[in-house]
Amino acid sequence: MTEKRDIGLVGLAVMGENLALNIESRGFSMSVFNRTTSKVDDFMAGRAMGKNIVGCHSVEELVDSLAAPRKVMLMVKAGPAVDDFIDKLIPLLSPGDVIIDGGNTHFSNTERRTEYVESKGLLFIGTGVSGGEEGALKGPSIMPGGSEKAWPLVKPIFQAISAKVGPNADIPCCEWVGPRGAGHYVKMVHNGIEYGDMQLICEAYWMLKLALGLSNDELYEVFAEWNTGELDSYLIEITRDIFSVKDEQTGKYLVDLIMDTAGAKGTGKWMSQLALDLGVPSTLVTQAVYARSLSAMQQPRVRASKVLKGPMAKFRGDRRQFIEKIRQALYASKICSYAQGFVQLQAAAVEHDWPLDFANIPLLWRGGCIIRAVFLERIKEAFDKDPKLENLLLAPYFKRAVRKAQASWRSVVTTAVRLGIPVPAFAAALAYYDSYRSERLPANLLQAQRDYFGAHTYHRIDKPGEGPFHTDWLRLRKIPE
């Protein structure tokens, strides 16, 4: 082979194939490899036929086909397979060559791999790629992190293949995120926010369906209207579309035939676990993860429904007005969800020494990814005005939006409780807002309890800067008569 290729890709599942076709369509030459080499042959004889793509039957052949500095992107299942391919590639590459992991990898593995690969004189990138199969083919959101010296080498390719936004559709949804595992961490938070968005939309749907009795045609109209305003987003758009689809076999609405058990791939759980490690209250994603867990208990729920009773009333009042209240509750809850996500990113940046640009991150999500929405421009504006903004709820736009929605938000949550309709994410968002705006919380009693049974000590509001203090509660307590 005389002509050297711009980039190599390992892993020809649908995401890998689509990404390879996307890269080639932007004018770059490709080499591809898959451990099951018959997939290489099938790809070359099918979707890649006639394109500037070369199929390789070994890692050695792939590496040899690439122009220096070589760039190899791994689109293989996260976990040991990534480490296996890194170890296969290292002896074949030269100093300054780049290994890229484009899978859904836990950020801690990217931290470890960056250090390992750099110790071998090579460069490493761990990048989040969001947008699913269609995004990979037509333009995903790309969130790269790792060895900063590698960024100029892959920037032309990554920004060319990413989604584009802006008045002229020329702003790429791809920019350098930060060192080591920063890219994969930002992708994880994206996915966690996605969990929260989807759960909030499902709760809005359930209120519209159960409390108001809306038909699928009516639900279509509601979500179509919502998609023209503040909630304009990919997830609201596809939700609208779902209510219009009928099963080809039965003629019934397909959404009503789908089992109410939700799957999950783990990134939402990662975000929740890491929030607990950092001590930040990412309650929306946690409730969304638990809601999926409860949905998976389908048979126990069916059995419980026959013996556990509660209210089954319908909403009595102005339907149009209550639909608007649900919209406002959804928007206010969404604001809280994103506020929590960025608080977690801020805490992670301090913990891991990542110089994250919080005004830039929303730009990465404006196109190509699942949570793309007009709303994200407001987040960028907030951090542009105040790069050290503690919480999105404190930004003027979001403060006004929540103030406007607050009465409706409370009405929806209390109505749901009264009617016995579960809205864990709506309620968690409201509880977060009320807790965050409270000058004092009942944790003074909690700390007294901890000191009583475990001598964990406490601080006093009347003696700032002093302490900690401990009290012999048993000695001072009032003895019951």
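For N104, nonlocal amide neighbours, meaning residues 5 or more places apart or on other chains whose placed amide H falls under 5 Å from its own, are A78.
Across all directions, the average flat footprint of the convex hull enclosing the Cα atoms of the range 356-481 is 14.0 nm². Between V417 and K138, full extension at 0.36 nm per residue minus the direct alpha carbon distance yields a gain of 96.1 nm.
For the range 382-481, the solvent-accessible area with a 1.4 angstrom probe is 69 square angstrom per residue. Taking the three principal axes of the alpha carbon atoms in the range 299-402, the coordinate ranges are 54, 36, 27 Å, sorted in descending order.
Determine the relative contact order of the chain: mean sequence separation of Cα pairs under 8 Å and six or more apart, normalised by residue count, in whole percent. Averaging sequence separation for qualifying contacts and normalising by length gives 12 percent for the chain. Remark: the range 1-85 projects, on average over all directions, an area of 5.3 nm² (convex hull of Cα atoms).
Scaling against 2.2 N^0.38 Å puts the C-alpha radius of gyration of the range 392-442 at 1.23.
Compared with the dominant principal axis of the Cα atoms in the chain, helix 107-119 is inclined by about 30°.
Pairwise Cα distances in the range 98-248 exceed 24 Å for 46 percent of all pairs.
3J(HN,Hα) along the range 173-186, derived from phi through the Karplus expression 6.51 cos²θ - 1.76 cosθ + 1.60 where θ = phi - 60°, amounts to 8, 7, 7, 4, 8, x, x, 6, x, 4, x, 5, 5, 4 Hz, with x in place of Gly and Pro. Under the convention that each Lys and Arg Cβ holds +1 and each Asp and Glu Cβ holds -1, the size of the dipole of the chain around its Cα centre is about 1680 debye. When the Cα convex hull of the range 181-314 is projected onto planes of every orientation, the mean area is 10.9 nm². Calculated accessible area for the range 1-80 comes out at 43 Å² per residue, all protein chains present (probe 1.4 Å; ligands, DNA, RNA ignored). Candidate cross-link partners of K4 among the aspartates and glutamates, defined by an alpha-carbon separation under 13 Å and a same-chain spacing of 8 or more, comprise E61, D64. Only protein heavy atoms count here; on that basis, with a 1.4 Å probe, L231 has an accessible area of about 10 Å². Computed with the Debye formula from one identical point scatterer per Cα of the chain, without solvent, the log10 of I(q)/I(0) at q = 0.11 Å⁻¹ comes to -0.99.
For the pair the range 403-481 and the range 223-240, the centres of their Cα atoms are 36 angstrom apart.
Round to a whole number: what % of the accessible area of the chain belongs to carbon and sulfur, probe 1.4 Å?
Reported share for carbon and sulfur atoms: 54 percent.
Averaged over its residues, the range 91-134 has an accessible area of 37 Å² per residue, based on protein heavy atoms and a 1.4 Å probe.
Descending by average beta-carbon neighbour count within 10 Å, the peptides 290-301, 159-170, 451-462 line up as 159-170, 290-301, 451-462, the highest first.
Local charge for K246 was computed over the other residues whose Cβ lies under 14 Å away, with Lys and Arg +1 and Asp and Glu -1, and equals -4. Straight-distance candidates among the lysines for linking to K88, with alpha-carbon spacing under 18 Å and chain neighbours fewer than 8 residues away dropped: K71, K77, K120.
At a threshold of 8 angstrom on Cα-Cα distance, excluding pairs fewer than six apart, so keeping six or more, what relative contact order does the range 212-332 reach in percent?
For the range 212-332, the relative contact order is 23 percent.
Within the full protein context, the accessible area of R450 is estimated at about 80 Å² for a probe radius of 1.4 Å. Cross-link partners for K252 among the lysines, with Cα-Cα distance under 20 Å and sequence neighbours closer than 8 places in the same chain left out: K209.
Per residue of the chain, what 222 nm ellipticity follows from adding -39500 (n - 2.57) for every DSSP H run with n ≥ 4, rounded to the nearest 500?
About -16000 deg cm²/dmol.
The values are calculated or read from the model by the stated rules, or taken from the named source; none is laboratory data. All values derive from a computational prediction rather than experimental measurement. Here the Cβ is made from the backbone with ideal geometry for all residues, glycine too, and neighbour counts use every protein chain on show. Calculation scope for accessible area: heavy atoms of the full protein, side chains included, ligands and nucleic acids excluded. Shrake-Rupley method; radii C 1.70, N 1.55, O 1.52, S 1.80 Å.
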